[in-house]
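The values are calculated or read from the model by the stated rules, or taken from the named source; none is laboratory data. Quantities reported herein were computed from a predicted structural model and do not represent experimental measurements. Virtual Cβ from ideal backbone geometry, glycine too; neighbours counted across all protein chains shown. Please note that ligands, DNA and RNA were not included when accessible areas were found on the heavy atoms of the full protein model with its side chains. Shrake-Rupley method; radii C 1.70, N 1.55, O 1.52, S 1.80 Å.
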Amino acid sequence: MIFLKSNDELRFMDQANRLVHRALQASREAAKPGMTTAELDALAERVITDGGGQPAFKGYHGFPATLCTSINDEIVHGIPSPNVRLKEGDILSVDCGAIVHGYYGDAAITFPIGRVSSKAQRLIEVTKMCLEDAVEQVKPGAHLGDVGAAVQRRAEEAGFGVVRDFVGHGVGRALHEDPQVPNYGKPGHGLVLKPGLVIAIEPMITEGSWQVRIDRDGWTARTEDGKLAAHFEYSVAVTEQGHWVLGREE
Ligand code: MG
Ligand code: MG
């Protein structure tokens, strides 16, 4: 079932996403070689609770942390740990959710730790462009297929893979609502977007094959071929005029 949001609901979601973006930015600024992903997680949790929100992922189906921290060939859902230290040359994907007045925010970024290979840098840049291209498609009357196709076109033109096993989603009073938002599709196909719909668009892009495997921890999803992956995400509202990237400083 799809829930369209009122303007008041969108304002709460904007606040929740502001906290998420603040936590992501703080993580990015703090992340250095030698730091553990558990330290980043504690920092992000503090940013969210100091801002009056609650971490959305902690306890979600038993997930133990505020952030998902996914390094190099890990795509999504990596678990922060005091035993995982960042190294020069890693790429780190950080995904974060927050709840404000019962409404969810959900966003993610990928960034380099120190100097990284030019290929890693390009994967990060292309994945960010996939998200920006997808956001440009969001307006009343557009189709979900337009959104997925925009991601797929940008990724595949660059020679990268598009993960199929995980998709974006509606978001609001729950972290995951209908509809599913795949990162592939056909223009002009799928659900027609209406004002008040909010979707989390989250391209997960791989350097090689898009095939995925899940670690024994039951969470961490990594590329089957061991090549790099990147992930960016915004929560995006459909408005009468087009779209609103919730929580983003304009
Ligand atoms: Mg997310
Ligand atoms: Mg999401």
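Here are some notes:
- Since only Gly114, Gly62, Pro203 are under comparison, the one whose Cα sits farthest along the positive direction of the charge dipole of region 7-245, derived from C-beta charges on Lys, Arg, Asp and Glu, is Gly114.
- Across the accessible surface of the chain, with the other protein chains kept in place and a 1.4 Å probe, carbon and sulfur atoms take up 48 percent.
- Each residue of region 162-177 was assigned a 3J(HN,Hα) from its phi angle through the Karplus expression (A = 6.51, B = -1.76, C = 1.60, θ = phi - 60°), giving 10, 5, 9, 6, 10, 9, x, 6, x, 8, x, 7, 10, 5, 10, 10 Hz with x at Gly and Pro.
- In nm, spacing of pseudo-spin labels at Ile214 and Ser118 (7 Å Cα→C-beta vector): 3.9
- In a DSSP loop and with at most 15 other Cβ atoms within 10 Å, the GluC sites (Glu not before Pro) in region 1-101 are Glu88.
- Taking all protein chains together, His243, His169, His21, His189 sort by accessible area into His189, His243, His21, His169, largest first [probe 1.4 Å].
- Of Lys87, Lys139, the order by accessible heavy-atom surface (1.4 Å probe, DNA, RNA and ligands excluded), from most exposed downward, is Lys87, Lys139.
- Remark: region 85-99, residue by residue, has Karplus-estimated 3J(HN,Hα) of 9, 5, 10, 3, x, 6, 10, 10, 9, 10, 10, 9, x, 9, 10 Hz, where x stands for each Gly or Pro and the curve is 6.51 cos²θ - 1.76 cosθ + 1.60 at θ = phi - 60°.
- For the chain: relative contact order, % (alpha-carbon pairs under 8 angstrom, 6 or more apart): 23
- Both the radius of gyration and Dmax for region 12-157 are 15.9, 48 Å, in that order, over alpha-carbon atoms.
- Residue pairs, from the table Lys87/Lys119; Lys5/Lys139; Lys5/Lys194; Lys58/Lys227; Lys87/Lys227, whose Cα atoms sit over 21 Å apart: Lys58/Lys227
- Restricting region 111-153 to trypsin sites (Lys or Arg not before Pro) in coil, as DSSP defines it, with at most 14 other Cβ within 10 Å: Arg115
- Applying the criteria of a DSSP loop state and at most 16 other Cβ atoms within 10 Å to the trypsin sites (Lys or Arg not before Pro) of region 171-250 yields Arg173, Arg216, Arg248.
- At q = 0.10 Å⁻¹, base-10 log of I(q)/I(0) for region 83-236 (Debye sum, equal scatterers on each alpha carbon): -0.35
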